[in-house]
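The values are calculated or read from the model by the stated rules, or taken from the named source; none is laboratory data. This structure is a prediction, so every number in the text was calculated from the model and none was measured. Every residue, glycine as well, gets a Cβ built from its backbone with ideal geometry; the counts of neighbours run over all protein chains shown.
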Amino acid sequence: MSEQETGNPEKPSNKDFVQKNIEFLESRGFAGQLMIPTFKAALEVEPRLKAVLFDVYRTVPNQHVLAGASAPWEDPERGLYTILWNPEFFGANEEVLTKALPIELKGDPYIEKQCEMIGKDFHDTALSDIDQSILLHELGHIVYFLDNEDNFKEIEASRQRDLEGLPVVPGALIAELPDFKERYETNKDGVRDQLNEDYGVSSLEELYKVQMNAYHNMPSEMIPDEFAAKVFEHIREKRNEEQG
Ligand SMILES: [Zn+2]
């Protein structure tokens, strides 16, 4: 069947969703409004991002996931590049979002990396800064997808291989594995002893850190961070120019 007969929509990359996204962000309270300049800065760095459409991440109970990025080939029916985002993840109001980061996050390698990317010291970084860096990270996933439209099968397979190589398989986030906590705590089939020995940890919390570190160091996770860093650099440069 030809494209005309199936009524295929135009290629997603030809779409321009900027206005829709800005309206979406405007409608998501303080958290969303804060993202508008960040999103615009990302567009200045990568104009192809006008093809992305924002949507609310519908969280599953007990899953601590803030955001995600999805490619047209993952959901052919929808056929869009989509940023899924949970605007209420950290709390949507100004009071919560402008607060400094909770001290227990100090020393978390990923958070430290995010602070560096934003160009701020840990103590000067607010939840809203991390919120922004996460959104930029997801946009970075989309840029990587756009760069690899023609070989998406290869990038998907390589990500899958990386995920399978994580300390705790198959989930990237231990929180996403509903039965893992119980298996670990009850040492089912010696799983706790084995993982503790393999990764030199002595608690689920430590194992979680090892897992998240490995996850964030996967190439498919580092590339989006590089994009986020580029946008933060662009924001800093613009600010410096404005201040003359
Ligand atoms: Zn990611």
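Pairs please, first residue from the range 198-226 and within 20 Å of Glu138 (Cα to Cα), second anywhere and within 11 Å of the ligand (Cβ to nearest atom) and in a loop (DSSP other than H, G, I, E, B), Cβ atoms under 7 Å, 6+ apart in sequence or on different chains.
Sorted first by the residue in the range 198-226, then by its partner, the pairs are Tyr215/Ala172.
So which pairs qualify, if the first residue must be in the range 66-83 and assigned to a loop (DSSP other than H, G, I, E, B), the second must be away from the ligand (no atom under 13 Å from the Cβ) and at pLDDT 90 or above, the Cβ gap must be under 6 Å, and the two must be at least 6 apart or on different chains?
As it stands, the answer is Gly79/Pro72; Leu80/Leu53; Leu80/Pro72, since those pairs meet every condition given.
Could you count how many residues in the range 193-205 are within 29 Å of the chain's Cα centre (by Cα) and on the phi < 0 side of the Ramachandran plot?
Of the residues in that region, 9 qualify.
Given the criterion in a helix (DSSP H, G or I) and within 16 Å of the ligand (Cβ to nearest atom), identify the matching residue among Leu195, Leu135, Leu207.
Only one candidate qualifies: Leu135.
Hey, does the range 199-207 have a residue that's within 30 Å of Ala31 (Cα to Cα) and crowded, with 16+ Cβ neighbours inside 10 Å? Even if it seems obvious, please write down each step before you answer.
Pass one, the range 199-207, residues within 30 Å of Ala31 (Cα to Cα): 205.
Imposing the further condition that a residue be crowded, with 16+ Cβ neighbours inside 10 Å reduces the set to none.
Within the range 199-207, none of the residues are within 30 Å of Ala31 (Cα to Cα) and crowded, with 16+ Cβ neighbours inside 10 Å.
Give the residue that is surrounded by the fewest Cβ atoms within 10 Å (Cβ to Cβ), with candidates limited to residues of the range 58-73 that are at pLDDT 80 or above and within 14 Å of the ligand (Cβ to nearest atom). Give the steps one after another, and end with the answer.
Of the range 58-73, the ones at pLDDT 80 or above are 67-73.
Now restrict to residues that are within 14 Å of the ligand (Cβ to nearest atom): 67-71.
Details: Ala67: 18, Gly68: 14, Ala69: 21, Ser70: 20, Ala71: 21.
Here the residue is Gly68.
Select, from Leu80, Leu97, Leu49, the only residue that is closer than 18 Å to Ile130 by Cα and either out of contact with any Lys or Arg (no Cβ under 7 Å at 6 or more places or on another chain) or of a type in the set (S, T, N, Q) (or both).
After applying the criteria, what remains is Leu97.
Within the range 28-49, identify whether any single residue is farther than 27 Å from Glu156 by Cβ, out of contact with any Pro (no Cβ under 9 Å at 6 or more places or on another chain) and among the hydroxyl-bearing types (Ser, Thr, Tyr), and answer yes or no.
Looking for residues that are farther than 27 Å from Glu156 by Cβ, out of contact with any Pro (no Cβ under 9 Å at 6 or more places or on another chain) and among the hydroxyl-bearing types (Ser, Thr, Tyr), one finds at least one in the range 28-49, hence yes.
Is it the case, given these coordinates, that Met218 is more than 13 Å from Gln114 (Cα to Cα) and within 16 Å of the ligand (Cβ to nearest atom)?
Judged against the criteria, Met218 is a match.
Mind checking whether some residue in the range 87-95 is at positive phi and exposed (fewer than 14 other Cβ atoms within 10 Å of the Cβ)? So that I can check it myself, show each step before the final result.
Step one: filter the range 87-95 for residues at positive phi, giving 91.
When the remaining residues are screened for being exposed (fewer than 14 other Cβ atoms within 10 Å of the Cβ), the result is none.
Scanning the range 87-95 turns up no residue that is at positive phi and exposed (fewer than 14 other Cβ atoms within 10 Å of the Cβ).
So, Arg183, is that one in contact (Cβ under 8 Å) with a residue 12 or more places away in the chain and either over 19 Å from the mean Cα position of the chain (by Cα) or more than 16 Å from the ligand (Cβ to nearest atom) (or both) or not?
Numbers: in contact (Cβ under 8 Å) with a residue 12 or more places away in the chain: no; either over 19 Å from the mean Cα position of the chain (by Cα) or more than 16 Å from the ligand (Cβ to nearest atom) (or both): yes.
Taking the combined requirement at face value, the residue does not satisfy it.
Looking at the range 115-130, is at least one residue closer than 23 Å to Ile103 by Cα, surrounded by 16 or more Cβ atoms within 10 Å (Cβ to Cβ) and within 16 Å of the ligand (Cβ to nearest atom)?
yes
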